[in-house]
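The numbers here are math on the coordinates, done by the rules we state, and not lab data. Given the structure is predicted, the values throughout are model-derived calculations rather than measurements. When we count neighbours, we look across all protein chains shown, and the Cβ atoms used for this are built from the backbone with ideal geometry, even at glycine.
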Amino acid sequence: MIDSLKIAVILPAFNAAKTLEQTYREIPHDIVDDVLLVDDASTDDTAAVAERLGIHTVIHSRNGGYGANQKTCYALALARGADIVVMLHPDYQYSPRLITAMAAMIASGHYDAVFGSRILGGGALAGGMPLYKYIANRFLTAAQNLFLGAKLSEYHTGYRAWRREVLERLPLGGCSDDFIFDNQMIAQALWAGFRVAEISCPTKYFPDASSINFRRSCMYGLGVLRTSIEYRLSRWQLRRSPLFAEGPKLPVVSAWPSMTVTEPLTGAFSVAEGQELVAEPA
């Protein structure tokens with residue numbers, strides 16, 4: 001805890017068996033109260049490694065996508081009483097040692113969200129980020145700052161900390177179940193007026209670190225531009241985008257026992273707010 005605020009770290013995982021233990025060992029357990037992992041139907045031993053480490057684990061019975069994984073992660077963290085939720089990739093690409101700093105920035109009361117930026121400090125290329133991804137990152141970030149009226153150094157980091165109230169208020173149920181979920185969530189947070197900060201974060205690119213291929217990167221980039229344009233048109237009241245309107249929020253779910261199997265919490269929730277999602281024990 002920090003200032004009596006319960007801190008949860010969520011690990012959206014897919015085939016992370018080789019890097020999960022190293023990531024978990026560097027989490028600052030002196031201040032982190034809960035570590036939760038959602039295994040999105042991995043084909044390796046991710047769930048077995050998580051069980052051995054004592055991580056509270058949920059297994060999707062089918063692969064729902066990166067966004068669907070996060071929806072389950074966030075819903076479970078809220079169900080277990082988290083006040084601050086830090087999303088960390090279990091592929092050891094981001095340093096877990098920064099969790100304390102990110103959570104403290106939210107606990108200070110000054111910020112509602114904190115992002116670990118690979119661009120601040122200039123370490124992205126030194127950490128092995130492919131040149132084409134770096135160039136795309138800079139171009140897309142510049143475009144989003146223009147359309148969204150913000151001044152972030154990057155919108156594409158997978159290292160984020162959120163205040164509980166943000167997760168409860170944003171209509172995350174209407175966001176994509178794919179990689180663009182991350183970007184849509186930031187746009188929604190800015191739309192709602194939440195206070196966002198960044199912290200410099202070193203990054204590592206290596207064979208076992210997760211990374212989407214060139215084709216999916218292009219699809220992601222087009223999705224980013226679409227989200228940004230929808231945001232600006234909605235601000236000008238020229239278009240009504242469901243992303244920036246009242247929509248389905250994360251369902252209120254029960255705090256499942258460890259190692260449960262459930263369907264991904266996709267965008268079309270069949271669970272009404274306030275009801276429990278029934279999960280079958282593994």
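Details
- DSSP-loop trypsin sites (Lys or Arg not before Pro) across the range 113-187, with at most 16 other Cβ within 10 angstrom: Lys151
- Using the Cβ of Val196 as centre and a radius below 15 Å, the other residues enclosed give a net charge of 0, where K and R count +1 and D and E count -1.
- Rough spin-label spacing in nm, given labels placed 7 Å along Cα→Cβ, for Asn145 and Ser200: 1.6 nm
- 222 nm mean residue ellipticity, helices alone, for the chain (DSSP H n ≥ 4; -39,500 (n - 2.57); rounded to 500): -10500 deg cm²/dmol
- Spacing of the modelled spin labels on Arg215 and Gln22, each 7 Å from Cα toward Cβ, amounts to 2.9 nm.
- 3J(HN,Hα) along the range 72-77, derived from phi through the Karplus expression 6.51 cos²θ - 1.76 cosθ + 1.60 where θ = phi - 60°, amounts to 5, 4, 5, 4, 5, 4 Hz, with x in place of Gly and Pro.
- Interchain or long-range residues, amide H under 5 Å from Val252's placed H: Gly274, Gln275
- Straight-line cross-link partners of Lys151 among the lysines, defined as a Cα under 28 Å from its Cα and at least 8 positions apart when in the same chain: Lys71, Lys133, Lys204, Lys249.
- Angstrom value of the Kirkwood radius, inverse mean 1/r, which spans all Cα pairs in the range 99-163: 12.9 Å
- Loop sites here are GluC sites (Glu not before Pro) outside DSSP states H, G, I, E and B with no more than 11 other Cβ atoms within 10 Å. The longest part of the chain free of them is 1-245.
- Anisotropy class of the chain from Cα gyration tensor, a/c 1.5 cut: rounded
- Neighbours of Ile180, meaning other residues whose beta-carbon lies under 14 angstrom from its beta-carbon, give a summed charge of -1 when Lys and Arg score +1 and Asp and Glu score -1.
- Karplus 3J(HN,Hα) series, Hz, for the range 196-204 with 6.51 cos²θ - 1.76 cosθ + 1.60 (x for Gly, Pro): 10, 10, 10, 9, 5, 9, x, 10, 10
- Between amide H atoms placed 1.01 Å from N, distances below 5 Å from Glu198 occur with Phe115, all of them 5 or more places distant or on a separate chain.
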